[in-house]
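Have a look at the structure below, then the notes.
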Protein chains: 2
Amino acid sequence: MDEFSFIDSITQKYYRQSSLIKGIGDDAAVVRPVNGFDMITASDTMVEGIHFRLTTMNPYHIGYRILGANLSDLAAMGCDPAYYMVSIVIPKNWSQKQLEEVYSGMHDHARQYQMDLIGGDTVSGNELVITVTVYGYVPKNRSRYRSYAYEGDYIFVTGHLGDSAYGLHLLLEQKKAENRDYFIRRHQMPNPRVHFAQELQSLKRLCLNDVSDGIASEANEIAQASRISLELNYSAFPIRPEIKQYSLEDQKKWVLSGGEDFELLGTVAKEDWVKVQAAADKTNTKVTNIGVVKESRNNPQVLLIQSNGQKEKLKRSGYVHL
Amino acid sequence: MDEFSFIDSITQKYYRQSSLIKGIGDDAAVVRPVNGFDMITASDTMVEGIHFRLTTMNPYHIGYRILGANLSDLAAMGCDPAYYMVSIVIPKNWSQKQLEEVYSGMHDHARQYQMDLIGGDTVSGNELVITVTVYGYVPKNRSRYRSYAYEGDYIFVTGHLGDSAYGLHLLLEQKKAENRDYFIRRHQMPNPRVHFAQELQSLKRLCLNDVSDGIASEANEIAQASRISLELNYSAFPIRPEIKQYSLEDQKKWVLSGGEDFELLGTVAKEDWVKVQAAADKTNTKVTNIGVVKESRNNPQVLLIQSNGQKEKLKRSGYVHL
């Protein structure tokens with residue numbers, strides 16, 4: 001493949017973001033800061049055979065999904081997505097058509113948020129690796145840190161938990177199941193909660209973390225960073241009835257450590273809970289109160305309260321790719 | 001390897017850049033724009049077996065060099081380096097110690113410019129892939145584009161050409177040679193011309209491109225972007241005497257398309273040439289006038305004038321990794 005003609009093919013003919021001064025076409029991209037806003041940036045890498053397989057996803061999904069993982073990081077900071085950069089390692093057995101489909105998946109997802117592709121690198125190698133770096137703007141001092149949980153906060157989560165892992169399970173087992181297409185779509189084309197988080201930008205304090213490695217892992221990150229404990233009621237968890245049909249063991253595998261739901265886990269002052277509900281309504285997002293934050297400076301932890309009232313300590317057993 | 005303890009080991013205990021609000025440790029990094037400055041960002045990916053081999057470089061050099069490639073992009077935009085982000089794919093046969101050496105090489109190079117490591121991703125895979133994204137600040141509207149060359153401009157290049165490719169040649173052929181260590185060091189630990197480019201920030205117009213794929217390629221990029229022609233005098237090229245001992249054919253292979261010298265190729269108005277020389281003096285950088293820019297709107301090209309006066313068209317035959 002000719003690198004130059006490929007770059008030409010992905011270069012945008014116009015910029016969507018007015019803050020973009022120079023996109024693809026020089027040694028680097030140039031952006032103009034937006035007055036009163038901080039800049040947010042994050043990076044995610046996916047490797048064929050580890051994070052995706054062509055047996056469970058087509059190239060379009062791969063592109064759509066990796067940008068989704070990055071968008072989810074931006075949502076978890078409460079910011080407005082602006083640009084993305086793509087570095088890709090291309091193995092010889094990948095065709096130009098497949099590659100274009102990867103970019104098409106990213107492009108379609110990016111367009112939903114008026115994001116511009118501003119650069120990257122294309123090199124050859126033995127396995128497909130895609131690294132996407134994203135950039136966004138957040139009103140000054142309104143970044144949503146994991147360390148912002150306080151005693152007495154309501155804990156909430158968006159959407160449903162376990163959908164993506166259950167969708168992957170259906171794909172891998174090639175099983176027939178009720179609403180199979182819905183769960184598979186949730187796995188292949190995740191839709192991060194960007195609009196919901198944007199709608200909450202006026203809130204002075206909000207703790208957010210995105211569910212990318214499983215809620216067990218993310219809840220522990222919040223507990224550690226905020227030096228508090230999270231008490232989660234399993235019976236309040238938003239879990240689809242199709243998943244509830246399975247044994248508690250199977251359910252928990254998907255729900256607690258399945259990962260990649262790309263929902264938001266957050267905590268908010270009790271008096272601001274109505275604002276979270278209003279933002280959810282306005283952006284057509286399901287949001288569920290699943291617990292409360294407890295003081296625990298010396299022993300931050302996550303406790304899961306079972307339906308029978310028993311408490312168990314939830315370890316950071318989330319899905320760790322490495 | 002435990003991902004969490006590894007991340008802990010590379011997390012900085014303090015920030016060097018006052019504009020950095022949040023580095024490693026949340027869903028994304030947060031930076032505060034600097035008044036009157038634009039932000040620059042670029043990304044480079046290197047793959048084991050394609051861009052480096054452990055037979056010609058140790059892990060420390062690999063880290064030092066990939067950050068160097070990125071710094072060179074920032075230099076070519078005329079900006080002040082600020083932060084970097086590292087996404088790495090780690091194969092099973094790499095030890096934690098080797099990995100730490102890669103980060104150590106990046107860290108030592110970054111420290112020279114007070115850069116902060118602000119995030120990234122670590123995943124497993126079958127071959128080592130490192131993607132570094134860098135960020136810097138440039139005074140508003142002072143980015144150094146390839147499209148900024150004008151008729152009558154002096155063309156200049158920093159340092160010496162061909163050193164890195166000749167160093168690699170010595171390594172691969174395991175040859176004894178005069179000043180062998182110098183050339184090998186130029187290959188393994190390139191030092192991009194950041195300070196020189198910073199020193200020129202007061203110049204209103206300056207065209208810069210960094211020599212990463214070979215000057216033949218970069219000169220053509222300037223010609224195309226600026227719609228002009230570059231006439232380069234081969235006899236004026238800064239080439240070390242050790243390289244001049246070889247046949248013209250060998251020389252040209254290293255000098256024109258060897259790539260990865262990470263020097264700067266630029267053009268500047270004739271009346272500003274003294275300022276370029278002054279910046280070179282002040283930053284202890286060699287700079288050489290190697291030609292002149294000619295009007296050529298309808299047929300942008302690069303002409304190489306031989307010692308005997310003959311002109312030949314220099315094609316974009318630079319070293320293309322893909």
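What follows draws every value from the coordinates through simple rules; no lab data is involved. Predicted model, so just to flag it, every value in this text is computed and none were measured. Reconstructed Cβ throughout: ideal geometry from the backbone, glycine too, with neighbour counts over all protein chains shown.
Quick notes on this one:
- Sorted by Cβ density within 10 Å, fewest first, the residues A:208, A:248: A:248, A:208
- Pairwise FRET efficiency - residue B:18 versus residue B:182, Cβ, R0 = 35 Å, nearest 0.05: 0.40
- For segment A:21-152, convex hull volume per residue from C-alpha positions, Å³: 135 Å³
- Surface/4 of the Cα convex hull for segment B:135-191, nm²: 6.6 nm²
- Within 10 Å of the Cβ of each residue in B:144-152, the mean number of Cβ atoms contributed by other protein chains is 2.
- Over chain B, equivalent-ellipsoid semi-axes from the Cα gyration tensor in Å: 34, 25, 16
- Label point 7 Å beyond Cα of residue A:58 along Cβ direction - residues of segment A:119-138 with amide nitrogen under 15 Å: none
- Across the protein assembly as shown, counting alpha-carbon atoms alone, Rg and Dmax equal 26.2, 93 Å.
- Kirkwood hydrodynamic radius over Cα pairs of segment A:146-313, then Stokes diffusion coefficient at 25 °C and 0.890 mPa s, in µm²/s: 152 µm²/s
- Remark: relative contact order (segment A:114-205) = 29 percent; criterion is Cα-Cα distance under 8 angstrom and separation of 6 or more residues.
- Springs join every pair of Cα atoms under 10 Å in this Gaussian network model of chain A, and among A:182, A:137, A:60 the largest mean-square fluctuation is at A:182.
- Degrees separating the helix B:215-226 axis from the principal Cα axis of chain B, which is the longest one: 80 degrees
- Shielding by other protein chains, A:72-78, mean Cβ within 10 Å: 3
- Sites listed here are trypsin sites (Lys or Arg not before Pro) in segment B:160-261 whose DSSP assignment is loop and whose Cβ has at most 14 other Cβ atoms within 10 Å: B:175, B:176, B:204, B:227.
- Sequence-distant lysines (8 or more away, or on other chains) whose Cα lies within less than 28 Å of residue B:92: A:92, A:253, A:315
- Counting other Cβ atoms within 10 Å as a rough exposure proxy, the listed residues A:150, B:84, A:135 run A:150, B:84, A:135 from fewest neighbours to most.
- Distances from residue B:307 to itself in the other copies, using label points 7 Å out along the Cα-Cβ axis, amount to 8.9 nm in increasing order.
- Calculated [θ] (222 nm, deg cm²/dmol) that DSSP helices of n ≥ 4 give over the protein assembly as shown, each run adding -39,500 (n - 2.57): -9500 deg cm²/dmol
- Above-threshold pairs, the threshold being 18 Å between Cα atoms, out of A:22/B:22; A:140/B:22; A:140/B:13; A:275/B:22: A:22/B:22; A:140/B:13; A:275/B:22
- 7 Å along Cα→Cβ, label-point gaps from residue A:180 to other copies, nm, shortest first: 6.5
- Considering all different alpha carbon pairs of segment A:84-153, the Kirkwood hydrodynamic radius works out to 14.8 Å.
- Cross-link reach is defined here as a Cα-Cα straight distance under 15 Å, omitting same-chain residues fewer than 8 places apart; for residue B:311 the aspartates and glutamates meeting it are B:231.
- Mean sequence separation of contacting Cα pairs (under 8 Å, at least six apart), scaled by the length of chain B, corresponds to a relative contact order of 22 percent.
- Of the trypsin sites (Lys or Arg not before Pro) found in segment B:87-171, those that fall in a DSSP loop while having at most 10 other beta-carbon atoms within 10 Å are B:92.
- Ascending list, in nanometres, of distances separating the residue B:91 label from those of the other copies (7 Å, Cα toward Cβ): 1.3
- Three-way shape call for segment B:17-92 based on the alpha-carbon gyration tensor, with the a/c threshold at 1.5: oblate
- Of all lysines in the structure, the ones whose alpha carbon falls short of 22 Å from that of residue B:270, not counting any fewer than 8 places away in one chain, are B:204, B:282, B:286, B:294.
- Chain A, rotation onto B, residue closest to that axis via Cβ, with its distance in Å: A:33, 1
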